[in-house]
Amino acid sequence: MALHFELVTPAKLVRSEDVHMVVVPGAEGEFGVLEGHAPFMSTIRDGAVQVYKTEGAAPEEIQVRGGFAEVGENGLTVLAEHVEG
Amino acid sequence: MASLKELKGRINSVKSTQKITKAKQMVAAAKLRKAQAAAEAARPYAERLSAVMASLAGKVGGDSAPRLLAGTGSDQRHLLVVVNTDKGLCGGLNANIVKAAKAKARALIAEGKDVQFYLVGKKGRAPIKRDHADRIGQQFDTSTVRNPGFEEAEAIADELVELFEAGKFDVAHLVYPIFKSALAQDPTVQQLIPVPAPQGEAGTGGDAVVEYEPDEEAILEELLPRYVKTQVFGALLEIAASEQGASMTAMDNATRNAGELINKLTIQYNRSRQAAITTELIEIIAGAEAL
């Protein structure tokens, strides 16, 4: 099964796809989100969101600045103010 | 009666005006499409943010709520953030925004409140200055950038939050037009600070217990300035779309008016030409008969 991952900035919807795992730089430490994660909300610090498309694949890094992450029933949503790369 | 040469000159000058208005109309139509797309693209972020805000604001209530949500406890000093365009040629758009802002200011002053203005965009300055010269606080210049984007919204919101934290005002209202169609842009007044509790379905995950990291209050504290930014950003997008829409309509009218004027002048020109030819013929015939 896959995790639905969305990365949204004020300017546009950057990503909306199904991935294996995403590692988010939370304010109190990095956390990985897999499918079926419990509902969770955290602010994020500036850093890289690592997206693992499939198990064991090399992560794709997306630099984000300012925002927060929300895990709900429909997957992970990262709201970031700025996205680079 | 104007001479033939004069008429010709006028026809030519109206024609070149028409060319300008036509070009501006087409540019506005193209830009409108872009502005609408930008407004569309910003919607998911705003929607998610207000959903989260709604669920959080319900949980953090009472005394522990941050000042941006709860307010200063007084509503004596009001700040009107008026968003105008930087360029003209867009019909009555700016006049309507200023009218709405002035009406709000008058209502507040009648209630005995203090009113200050914070102006975004160039075109609102002069008309507001005429009535409220001493009430204009800060201005934000958006004319240096081509498309005011999130950077500008961020700068404006940061400045507003700073002023609020410094205790310069109690309530802020945002005055901007809502883009309905190319023909209609409604100026609206919306409360910005303190943040009105968003109405939305509380909680995104139904009844599931959501874990917060750090805690609800800390997240809310971070979220509120962000929410203000999003609101300002939304206003900037609306004004961009409204400007292009209003400009398109105004220029369409101008082009049509110019066309009518050209027709009228052309008829006048032809009549005078005919009259001149007739007079000339009569002169020649009269001359021939005299021989």
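With respect to residue B:39, determine if the residue is open to solvent by 20 Å² or more (accessible area, probe 1.4 Å), touching a residue at least 60 places away in the same chain (Cβ under 8 Å) and within 14 Å of chain A (Cβ to nearest Cβ). Can you show your working first?
On the way: open to solvent by 20 Å² or more (accessible area, probe 1.4 Å): yes; touching a residue at least 60 places away in the same chain (Cβ under 8 Å): yes; within 14 Å of chain A (Cβ to nearest Cβ): yes.
Yes, satisfied.
Can we say residue B:128 is open to solvent by 50 Å² or more (accessible area, probe 1.4 Å) and either within 25 Å of residue B:170 (Cα to Cα) or in contact with a Cys (Cβ under 8 Å, 6 or more places away or on another chain) (or both)? So that I can check it myself, show each step before the final result.
On the way: open to solvent by 50 Å² or more (accessible area, probe 1.4 Å): no; either within 25 Å of residue B:170 (Cα to Cα) or in contact with a Cys (Cβ under 8 Å, 6 or more places away or on another chain) (or both): yes.
Criteria not met by residue B:128.
Any residue at all in the range B:101-117 that is within 29 Å of residue B:250 (Cβ to Cβ), open to solvent by 60 Å² or more (accessible area, probe 1.4 Å), among the hydrophobic types (A, V, I, L, M, F, W, C) and within 17 Å of the chain's Cα centre (by Cα)?
no
Consider residue B:192 carefully, then state whether it is at pLDDT below 90, open to solvent by less than 20 Å² (accessible area, probe 1.4 Å) and either away from chain A (no Cβ under 14 Å) or in contact with a helix residue (DSSP H, G or I) (Cβ under 8 Å, 6 or more places away or on another chain) (or both). Can you show your working first?
Numbers: at pLDDT below 90: yes; open to solvent by less than 20 Å² (accessible area, probe 1.4 Å): yes; either away from chain A (no Cβ under 14 Å) or in contact with a helix residue (DSSP H, G or I) (Cβ under 8 Å, 6 or more places away or on another chain) (or both): yes.
It is true that residue B:192 is at pLDDT below 90, open to solvent by less than 20 Å² (accessible area, probe 1.4 Å) and either away from chain A (no Cβ under 14 Å) or in contact with a helix residue (DSSP H, G or I) (Cβ under 8 Å, 6 or more places away or on another chain) (or both).
Exactly one condition in (1) surrounded by fewer than 17 Cβ atoms within 10 Å (Cβ to Cβ); (2) β-branched (Val, Ile, Thr); (3) touching a Gly at 6+ places or on another chain (Cβ under 7 Å) is false for residue B:97; which is it?
All conditions pass for residue B:97, except number (1).
Name the helices (runs of 4 or more DSSP H) wholly inside the range B:36-137 in which the number of residues that are over 30 Å from residue A:41 (Cβ atoms) is 2 or more. Break it down into steps so the answer makes sense when it comes.
On the way: elements: B:67-70, B:93-110, B:125-132.
Output list reads B:93-110, B:125-132.
I'd like to verify a number: residues in the range B:254-291 that are touching a residue at least 40 places away in the same chain (Cβ under 8 Å) and not β-branched (Val, Ile, Thr), how many? Outline the logic, then answer.
So the first thing to find is which residues in the range B:254-291 are touching a residue at least 40 places away in the same chain (Cβ under 8 Å), and the list is B:254-255, B:258-259, B:261-262, B:265-266, B:268-269, B:272-273, B:276.
This time we only want the ones that are not β-branched (Val, Ile, Thr), so: B:254, B:258-259, B:261, B:265, B:268-269, B:272-273, B:276.
Counting residues in the range B:254-291 that are touching a residue at least 40 places away in the same chain (Cβ under 8 Å) and not β-branched (Val, Ile, Thr) gives 10.
Determine, yes or no, whether residue B:56 is surrounded by fewer than 18 Cβ atoms within 10 Å (Cβ to Cβ) and touching a helix residue (DSSP H, G or I) at 6+ places or on another chain (Cβ under 8 Å). Reasoning before the result, please.
Numbers: surrounded by fewer than 18 Cβ atoms within 10 Å (Cβ to Cβ): no; touching a helix residue (DSSP H, G or I) at 6+ places or on another chain (Cβ under 8 Å): yes.
Criteria not met by residue B:56.
I want to confirm something. Restricting to the range A:59-84 and keeping residues that are surrounded by fewer than 16 Cβ atoms within 10 Å (Cβ to Cβ) and among the charged types (D, E, K, R), which single residue is nearest to the other protein chains (Cβ to nearest Cβ)?
Across the range A:59-84, the extreme among qualifying residues is A:73.
Quick check on the range A:27-43: of everything there that is of a type in the set (A, V, I, L, M) and open to solvent by less than 10 Å² (accessible area, probe 1.4 Å), which residue is farthest from the other protein chains (Cβ to nearest Cβ)? Even if it seems obvious, please write down each step before you answer.
Taking the range A:27-43 and keeping what is of a type in the set (A, V, I, L, M), we get A:27, A:33-34, A:38, A:41.
Keeping just the survivors that are open to solvent by less than 10 Å² (accessible area, probe 1.4 Å) gives A:33, A:41.
Numbers: A:33: 12, A:41: 5 Å.
The residue in question is A:33.
Name the single residue that is nearest to residue B:136 (Cα to Cα) among those in the range B:154-172 being among the small types (Gly, Ala, Ser) and either part of a helix (DSSP H, G or I) or modelled with pLDDT of 90 or more (or both). Can you show your working first?
Quick first cut of the range B:154-172, residues among the small types (Gly, Ala, Ser) only: B:155, B:157, B:166-167, B:172.
Filter once more, so that each one left must be either part of a helix (DSSP H, G or I) or modelled with pLDDT of 90 or more (or both): B:155, B:157, B:172.
Values: B:155: 19, B:157: 18, B:172: 14 Å.
The qualifying residue nearest to residue B:136 (Cα to Cα) is B:172.
What number of residues within the range B:132-181 satisfy the criterion of being open to solvent by 60 Å² or more (accessible area, probe 1.4 Å) and touching a residue at least 12 places away in the same chain (Cβ under 8 Å)?
Here is the first cut: in the range B:132-181, the residues open to solvent by 60 Å² or more (accessible area, probe 1.4 Å) are B:133-135, B:138-139, B:141, B:144, B:146-147, B:151, B:158, B:162, B:165-166, B:168, B:180.
From what is left, the residues that are touching a residue at least 12 places away in the same chain (Cβ under 8 Å) are B:135, B:138-139, B:141, B:147, B:158, B:165, B:168.
Result for the range B:132-181: 8.
The values are calculated or read from the model by the stated rules, or taken from the named source; none is laboratory data. Given the structure is predicted, the values throughout are model-derived calculations rather than measurements. All Cβ positions, even for glycine, are placed from backbone atoms using ideal geometry, and neighbour counts span all protein chains on display. Heads up: the accessible areas ignore ligands, DNA and RNA and are worked out on the full protein's heavy atoms, side chains in. Shrake-Rupley method; radii C 1.70, N 1.55, O 1.52, S 1.80 Å.
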